[in-house]
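Notes follow the structure.
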């Protein structure tokens, strides 16, 4: 499998600026690889909360992460601001593939990019459910065409 090229900033319709923290750096002087996944989670959930479609305390439907992946192109370090770009690559019947690009403030090419897949389930039974209409409507502006056949 070949490594993809870094995405351009223009490939992402939504951004969240994230400030790196001292504790994000590892002994090698750059942000540790596991922290990148926390940035992914932050930009997705920030978008869902602000769109009014994620009630993480009482919502009947929750998204469970079933797949993650990240490619690293350039190090991020403290103290830098990171612009996390978000797009939706696929909207299925019960799942969403979110793609995230992490950019140094002002850079056009991603320092890292990856994805994760949420399967939306009933909070109580943990069984997959159809994406709620409000969630689907909130995600459509992020770029994905519906692809229910793949679910």
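Anything in the range 16-30 that is more than 25 Å from residue 66 (Cβ to Cβ) and outside any helix (DSSP H, G or I)? List them, or say none.
Within the range 16-30, 17, 19, 20, 21, 25, 26, 27, 28, 29, 30 meet the criteria.
Quick grid of which residues meet (1) in contact with a strand residue (DSSP E or B) (Cβ under 7 Å, 6 or more places away or on another chain); (2) farther than 28 Å from residue 3 by Cα:
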position	(1), (2)
30	no, no
43	yes, no
48	no, yes
79	no, no
84	yes, no
88	yes, no
91	yes, no
97	yes, no
106	no, no
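Starting from residues that are at pLDDT 95 or above and out of contact with any helix residue (DSSP H, G or I) (no Cβ under 7 Å at 6 or more places or on another chain), keep the ones in the range 31-40 and report whichever is farthest from residue 18 (Cα to Cα).
Among those that are at pLDDT 95 or above and out of contact with any helix residue (DSSP H, G or I) (no Cβ under 7 Å at 6 or more places or on another chain), it is 37.
Which is surrounded by 19 or more Cβ atoms within 10 Å (Cβ to Cβ) and either more than 21 Å from residue 49 (Cβ to Cβ) or at pLDDT 95 or above (or both), of 77, 117, 82, 65?
Answer to the selection: 82.
Confirm whether residue 53 is more than 21 Å from residue 6 (Cβ to Cβ) and at pLDDT 95 or above.
Considered against the rule, which asks whether it is more than 21 Å from residue 6 (Cβ to Cβ) and at pLDDT 95 or above, residue 53 comes out as yes.
Looking only at the range 11-26, filter to residues that are within 16 Å of the chain's Cα centre (by Cα) and either free of Cβ contacts under 8 Å to residues at least 24 places away in the same chain or farther than 15 Å from residue 82 by Cα (or both); which one of those is surrounded by the most Cβ atoms within 10 Å (Cβ to Cβ)?
Residue satisfying both the conditions and the ranking: 11.
All but one of (1) closer than 19 Å to residue 13 by Cα; (2) touching a strand residue (DSSP E or B) at 6+ places or on another chain (Cβ under 9 Å); (3) assigned to a loop (DSSP other than H, G, I, E, B) hold for residue 52; which doesn't?
All conditions pass for residue 52, except number (2).
The values are calculated or read from the model by the stated rules, or taken from the named source; none is laboratory data. Here the structure is a predicted model, which is why all the values come from computation and not from measurement. Quick reminder, even Gly has a Cβ in these numbers, built from the backbone with ideal geometry, and neighbours come from all protein chains shown.
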